[in-house]
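Taken together, the values in this text are just the output of simple stated rules run on the coordinates, not laboratory data. Being a predicted model, the structure only gives us computed values, none of them experimental. FYI the Cβ positions are ideal-geometry reconstructions off the backbone, even for glycines, and counts take in every protein chain you see.
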Amino acid sequence: MLKGFKDFITRGNVIDLAVGIIIGAAFTAVVTSLVDNVINPLIAAIFGKPDLSDVWVWTLNNGGTPGDTADDAVLSIGAFLTAIINFLIIAAAIYFVIVMPLNRLAERRKAGEPAPDEPVSPTEVELLTEIRDALREKPGV
């Protein structure tokens, strides 16, 4: 049972996944800094708010008592747009910083290696010739 667990843990996919999670966690700080220090100031310059989460917000009254905001629903298109922009920034950063360089590295490695030969199936005559030669070498036949 412990051997099976050891084999599972030392399998390449599990280690690759662990490294990916650690790098992703470290990369979060870089993306957060990009959003907080570059993107949000640009949004503040355009919309007058620090981010889009406070832009295009409507409060809908659900019919509760007047003045009671606990029953009100908030429709926030800006918060949704902020989530989409953050996702696109993270996806673009991961692609251009991690995926694209690794793909180029893989292409360079492939370019240096010769193409693997395709296995050629022997013909019927070649197989019969091999069988004949093997039978001749057998003593007593």
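A few remarks follow.
- Taking region 35-114 and dividing mean pair separation by its residue count, relative contact order in percent (alpha carbons under 8 Å, at least six apart): 21
- The residues 74, 57, when put in order of fewest to most other Cβ atoms within 10 Å, stand as 74, 57.
- The residue list 43, 90, 112 was ranked by how far each Cα lies along the charge dipole of region 35-114 toward its positive end, using unit charges on Cβ atoms, and 112 comes out on top.
- Efficiency of FRET between residue 38 and residue 59 - r from beta-carbon atoms, R0 35 angstrom, step 0.05: 0.70
- Net charge of Cβ neighbours under 12 Å - reference residue 130; Lys, Arg +1; Asp, Glu -1: -2
- Full extension of the chain segment joining residue 46 with residue 16 gains 6.6 nm, where the gain is 0.36 nm per residue of separation less the Cα-Cα distance.
- Stokes-Einstein, applied to the Kirkwood radius of region 35-114 over Cα pairs at a viscosity of 0.692 mPa s and 37 °C, places its translational diffusion at 203 µm² s⁻¹.
- Put in line by how crowded their Cβ is, counting other Cβ atoms within 10 Å and starting with the fewest, 32, 123, 82 read 123, 32, 82.
- Placing +1 on the Cβ of every Lys and Arg and -1 on the Cβ of every Asp and Glu, with nothing else charged, gives region 35-114 a dipole about its Cα centre of roughly 720 debye.
- Here the simple spin-label model places points 7 Å from the Cα toward Cβ, and for residue 76 and residue 131 these points are separated by 7.8 nm.
- For 127, 2, the sequence from fewest to most other C-beta atoms within 10 Å is 2, 127.
- C-alpha center-to-center spacing [region 68-108, region 20-45] in angstrom: 10
- A straight chain from residue 104 to residue 3 at 0.36 nm per residue would run longer than the Cα-Cα distance by 32.6 nm.
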